[in-house]
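Inspection log for the structure reproduced underneath, given as structure tokens.
The values are calculated or read from the model by the stated rules, or taken from the named source; none is laboratory data. These numbers were taken from a predicted model, which means no experiment stands behind them. Positions of Cβ are backbone-derived with ideal geometry, glycine not excepted, and every protein chain shown enters the neighbour counts.
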Amino acid sequence: MTYSGEVRPGGEPAVRELDRLTISKLSVGPMDNNAYLLTCRATGEQVLIDAANEAPRLLELIGDRDLAAVVTTHQHMDHWVALEEVVAKTGARALVHADDAAGLPIEAETLTEGDTVRVGDCALEVIHLRGHTPGSVALLYRDPAGVPHLFTGDSLFPGGVGNTDKDPERFAALIDDVEHKLFDRLPDETWFYPGHGKDSTLGAERPALPQWRARGW
């Protein structure tokens, strides 16, 4: 089945098979958060992006393969409700950017710009995006056999950047980071996976960047 990126709370995961990595996208309630399980096809090692909620469903998705780490994209509660239970039951490392570490319910190892998170033989680059929260991150997988894949948390969605509570300084920081660290560096075919809702590509969103900046949100 062709991957569409469309999921719904309580529904089945959407699964995308890349050459070296499998991406499983699951929607959990009550806020329709996306959780992403990445599995190295060579080693079976896994990393979960955002243990948002519904720990039993996440644990069922993880199954009996090793979960190396849970990366929390930012400190907002709807992205870590299941974190403590998932870590306790799998022994996975908890990872978060240093600037958001104090907002998590458990101690976590800290990340910074340019760090690498390993998923077996695959690597994710940590990209720090200020504004939605101080320590929000995106995770970039450069597929050697295809297009880049980018997990953006709540910093970038189809149609705009994440919420900055109408704070002009926070918005300026976020739109600058998104434009310069993502759109200026990565090609149009880059597929991105947000913290809620549908996926998109950078190419589909790029023409609207001036409009986003002008409207201020």
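Give segment 103-132 a look and list any residue that's surrounded by fewer than 17 Cβ atoms within 10 Å (Cβ to Cβ), among the hydrophobic types (A, V, I, L, M, F, W, C) and closer than 13 Å to Leu38 by Cβ, or say none.
Answer for segment 103-132, where residues must be surrounded by fewer than 17 Cβ atoms within 10 Å (Cβ to Cβ), among the hydrophobic types (A, V, I, L, M, F, W, C) and closer than 13 Å to Leu38 by Cβ: just Ala123.
Looking for whichever is on the phi < 0 side of the Ramachandran plot, basic (Lys, Arg) and not in a loop (DSSP other than H, G, I, E, B) here; the options are Arg65, Arg8, Arg57. Which one fits? Spell out how you get there, then give the answer.
On the way: Arg65 fails: not in a loop (DSSP other than H, G, I, E, B); Arg8 fails: not in a loop (DSSP other than H, G, I, E, B).
Answer to the selection: Arg57.
Can you find even one residue in segment 168-176 that is surrounded by fewer than 18 Cβ atoms within 10 Å (Cβ to Cβ) and either of a type in the set (Lys, Arg) or within 18 Å of the chain's Cα centre (by Cα) (or both)?
The answer is no, given that none of the residues of segment 168-176 is surrounded by fewer than 18 Cβ atoms within 10 Å (Cβ to Cβ) and either of a type in the set (Lys, Arg) or within 18 Å of the chain's Cα centre (by Cα) (or both).
Run down Thr190, Thr133 and say which single residue is hydroxyl-bearing (Ser, Thr, Tyr), in contact with a strand residue (DSSP E or B) (Cβ under 8 Å, 6 or more places away or on another chain) and closer than 26 Å to Gln46 by Cβ.
Working: Thr133 fails: in contact with a strand residue (DSSP E or B) (Cβ under 8 Å, 6 or more places away or on another chain).
Just one listed residue meets the conditions, Thr190.
Is one or more of the residues making up segment 140-158 touching a Cys at 6+ places or on another chain (Cβ under 7 Å), closer than 26 Å to Asp32 by Cα and modelled with pLDDT of 95 or more?
For segment 140-158, residues touching a Cys at 6+ places or on another chain (Cβ under 7 Å), closer than 26 Å to Asp32 by Cα and modelled with pLDDT of 95 or more: present.
Please verify whether Ile23 is more than 17 Å from His79 (Cβ to Cβ) and either out of contact with any Pro (no Cβ under 9 Å at 6 or more places or on another chain) or small (Gly, Ala, Ser) (or both), treating the condition exactly as stated. It would help to see each step written out before you state the result.
On the way: more than 17 Å from His79 (Cβ to Cβ): yes; either out of contact with any Pro (no Cβ under 9 Å at 6 or more places or on another chain) or small (Gly, Ala, Ser) (or both): yes.
Taking the combined requirement at face value, the residue satisfies it.
Can you name the condition, by its number, that Tyr193 falls short on among (1) under 15 Å from Ile23 (Cα atoms); (2) in contact with a Leu (Cβ under 6 Å, 6 or more places away or on another chain)?
The failed condition is (2).
Taking segment 88-121, which residues are out of contact with any Ser or Thr (no Cβ under 9 Å at 6 or more places or on another chain) and in a strand (DSSP E or B)?
First pass over segment 88-121, keeping only residues out of contact with any Ser or Thr (no Cβ under 9 Å at 6 or more places or on another chain): 88-93, 102, 105-107, 109-118.
Hits for segment 88-121 are Arg93, Glu109, Thr110, Leu111, Thr116, Val117, Arg118.
Show the residue pairs meeting these rules: Cβ distance below 6 Å; 6+ apart or different chains; first residue within segment 16-42 and within 19 Å of Ala82 (Cβ to Cβ); second residue surrounded by fewer than 18 Cβ atoms within 10 Å (Cβ to Cβ) and among the β-branched types (Val, Ile, Thr).
Ser24/Val15; Thr39/Thr22
Only residues that are within 21 Å of His79 (Cα to Cα), of a type in the set (A, V, I, L, M, F, W, C) and part of a strand (DSSP E or B): list them for segment 122-146, please. So that I can check it myself, show each step before the final result.
First, pick out the residues of segment 122-146 that are within 21 Å of His79 (Cα to Cα): 124-141.
Narrowing the set further to residues that are of a type in the set (A, V, I, L, M, F, W, C) leaves 124, 126-127, 129, 137-140.
Those that are within 21 Å of His79 (Cα to Cα), of a type in the set (A, V, I, L, M, F, W, C) and part of a strand (DSSP E or B): Leu124, Val126, Ile127, Val137, Ala138, Leu139, Leu140.
Since His180 meets every condition but one in (1) surrounded by fewer than 16 Cβ atoms within 10 Å (Cβ to Cβ); (2) assigned to a helix (DSSP H, G or I); (3) in contact with a Gly (Cβ under 9 Å, 6 or more places away or on another chain), which condition does it not meet?
(3)
Just a yes or no: is a residue in segment 168-175 at pLDDT 95 or above, assigned to a loop (DSSP other than H, G, I, E, B) and over 23 Å from Cys40 (Cβ atoms)? Show your work before the answer.
Filtering segment 168-175 for residues at pLDDT 95 or above gives 168-175.
Checking the rest, the ones that are also assigned to a loop (DSSP other than H, G, I, E, B) come to none.
No, every residue in segment 168-175 fails to be at pLDDT 95 or above, assigned to a loop (DSSP other than H, G, I, E, B) and over 23 Å from Cys40 (Cβ atoms).
Go through segment 30-53 and give me each residue that's under 17 Å from the mean Cα position of the chain (by Cα) and surrounded by fewer than 18 Cβ atoms within 10 Å (Cβ to Cβ). Walk me through how you get there before you give the answer.
Residues of segment 30-53 that are under 17 Å from the mean Cα position of the chain (by Cα), as a first pass: 31-40, 46-53.
Correct list: Met31, Asp32.
Quick check on Ile62: is it touching a residue at least 12 places away in the same chain (Cβ under 8 Å), over 17 Å from Gly197 (Cα atoms) and β-branched (Val, Ile, Thr)? Spell out the reasoning first.
Values: touching a residue at least 12 places away in the same chain (Cβ under 8 Å): yes; over 17 Å from Gly197 (Cα atoms): yes; β-branched (Val, Ile, Thr): yes.
Here the answer is yes, as Ile62 does meet what is asked.
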